[in-house]
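Colleague: This is the structure I want to talk about, given as structure tokens.
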């Protein structure tokens with residue numbers, strides 16, 4: 001098994017994602033991050049981390065488009081009296 005195939009532990013995933021181990025556990029529990037168990041141990045496939053990051057990127061891009069096209073954000077000049 002190469003390092004690219006080796007799954008993350010909660011702690012190593014947290015370090016990789018630059019967040020707390022508790023946040024990684026919450027992502028797993030909420031279903032936002034896929035994981036599997038080896039007995040009592042939780043392991044996170046590297047593909048699940050990539051999917052999480054891609055989803056976050058897509059969400060960011062979507063928010064940018066929404067912000068740019070939201071008519072409420074358009075500036076309408078007011079007449080000066």
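Colleague: If I ask for residues that are touching a residue at least 24 places away in the same chain (Cβ under 8 Å) and assigned to a helix (DSSP H, G or I), which ones from region 1-45 would you list?
Modeller: If the condition is that a residue be touching a residue at least 24 places away in the same chain (Cβ under 8 Å) and assigned to a helix (DSSP H, G or I), then 10, 13, 16, 17, 27 are the ones that fit.
Colleague: Only one of these is modelled with pLDDT under 95 and outside any helix (DSSP H, G or I): 78, 67. Name it.
Modeller: Result of the check over 78, 67: 78.
Colleague: Which of the residues that make up region 2-27 are touching a strand residue (DSSP E or B) at 6+ places or on another chain (Cβ under 6 Å) and more than 20 Å from residue 57 (Cβ to Cβ)?
Modeller: Listed by number, the residues that qualify are 7, 10.
Colleague: Right, something else. Output the residues belonging to region 28-48 that are in contact with a strand residue (DSSP E or B) (Cβ under 9 Å, 6 or more places away or on another chain) and surrounded by 11 or more Cβ atoms within 10 Å (Cβ to Cβ).
Modeller: Within region 28-48, 28, 33, 34, 35, 36, 42, 43, 44, 45, 46, 48 meet the criteria.
The values are calculated or read from the model by the stated rules, or taken from the named source; none is laboratory data. In this text, all values refer to a predicted model and were calculated from it rather than measured experimentally. Note that we place each Cβ from the backbone using ideal geometry, even for glycine, and neighbour counts take in every protein chain shown.
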